[in-house]
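Step one of this worksheet: look at the structure below.
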Amino acid sequence: MSLQGKTLFITGASRGIGLAIAKKAGSLGANVVIAAKSAVPNPKLPGTIFTAAAEVESAGGKALAIACDIRDDANVEAAMAQAAEHFGGIDILVNNASAIWLRGVLDTPMKRFDLMSQVNSRGSFLCAQKALPYLLKSSNPHILTLAPPPNLDPKWWGSFTGYTLAKMGMSFVTLGLAEEFKGRVAVNALWPKTVIATDAINMIPGVDTNAARTAQIVADAAVAILQQPVSSSGQFYIDEDYLRSNGETDFEQYAILPGTPLLPDFFL
């Protein structure tokens, strides 16, 4: 199932993993909607929706930059309508946008808790809800969410309950959508086996990004998953495991510093 001419709506695609997926899809001839809040440059975080769109087009795809806050129902609905009108439909939704706060209960302001809930679990549900009317008209529709396999291990919940709850919310949304739209829309999740060197990770004290991989490994796995038929649904894929099962053997190409022992990602 080629991505040539397919339209992807990717949230949080102005940088990091979202941008890597956007550029990889663009290189395969896809239309990519860059949906994120970053409409103006941020001195702390590089990239805007416009620079991301330019990178997609440089890679060979077509791009549309839309300033979108996935916490806002009307904003998301309008963004989906704009994307569908511009490209003639929406074939794929990638729920990549996510908020993170790795602190315990006593160190988690409710403003942060609410942000994670609104962006992660609620945002994934909302974007799916607004995209589905378009996806159901596509010949091979997909929803791919950057979320881990469901995990009830207390060590993750005890370390940062707010973030784990919000992230697992994305996983459970994936489970529910996959069952509800079985046979009509492929709904899957993807999660990195190791830490990925993104700007968000760079802002977490104590993480050695030399022991991480580039976002390219997630992008390569994502575009392969998105080319599967609708029947391949309800799966929680791990990037390295999926690529390995599809014949990839060279994983040093993704290393920030080849030969360095890698840090496993959260929830695995």
Quick one: count up the residues across region 204-242 that are closer than 20 Å to Leu268 by Cα, of a type in the set (Gly, Ala, Ser) and either touching a Gly at 6+ places or on another chain (Cβ under 6 Å) or surrounded by 14 or more Cβ atoms within 10 Å (Cβ to Cβ) (or both).
7
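Limited to region 8-55, what total is found for residues that are part of a strand (DSSP E or B) and surrounded by fewer than 24 Cβ atoms within 10 Å (Cβ to Cβ)?
Kept after step one, since they are part of a strand (DSSP E or B), are these residues of region 8-55: 8-11, 31-36, 42, 45.
Now narrow it down to the ones that are surrounded by fewer than 24 Cβ atoms within 10 Å (Cβ to Cβ): 42, 45.
Total satisfying the criteria: 2.
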List pairs: first residue in region 34-48 and free of Cβ contacts under 8 Å to residues at least 40 places away in the same chain, second residue surrounded by fewer than 21 Cβ atoms within 10 Å (Cβ to Cβ) and aromatic (Phe, Trp, Tyr) anywhere in the structure, Cβ distance under 8 angstrom, at least six positions apart or on different chains.
Ala39/Phe50
Among the residues of region 182-200, are any free of Cβ contacts under 8 Å to residues at least 12 places away in the same chain and under 30 Å from Leu3 (Cα atoms)?
no
Restricting to region 135-183, count the residues that are of a type in the set (Phe, Trp, Tyr) and crowded, with 22+ Cβ neighbours inside 10 Å.
1
Selection over region 182-196 where residues are closer than 28 Å to Ser139 by Cα and charged (D, E, K, R) yields a count of 2
Cβ pairs under 6 Å, 6+ apart or interchain, first in region 105-128 and on the phi > 0 side of the Ramachandran plot, second at pLDDT below 95 and part of a helix (DSSP H, G or I), ordered by first then second residue, are none
Check region 215-223 and report whether any residue there is of a type in the set (Asp, Glu) and either at pLDDT 95 or above or closer than 26 Å to Thr7 by Cα (or both).
yes
Filter region 243-258 down to the residues that are of a type outside the set (S, T, N, Q) and touching a helix residue (DSSP H, G or I) at 6+ places or on another chain (Cβ under 8 Å), then identify the one that is surrounded by the fewest Cβ atoms within 10 Å (Cβ to Cβ).
Pro258
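The values are calculated or read from the model by the stated rules, or taken from the named source; none is laboratory data. Owing to the predicted nature of the structure, the values given are computational and were not obtained by experimental measurement. In this analysis, Cβ positions are derived from the backbone assuming ideal geometry, glycine residues included, and neighbour counts consider all displayed protein chains.
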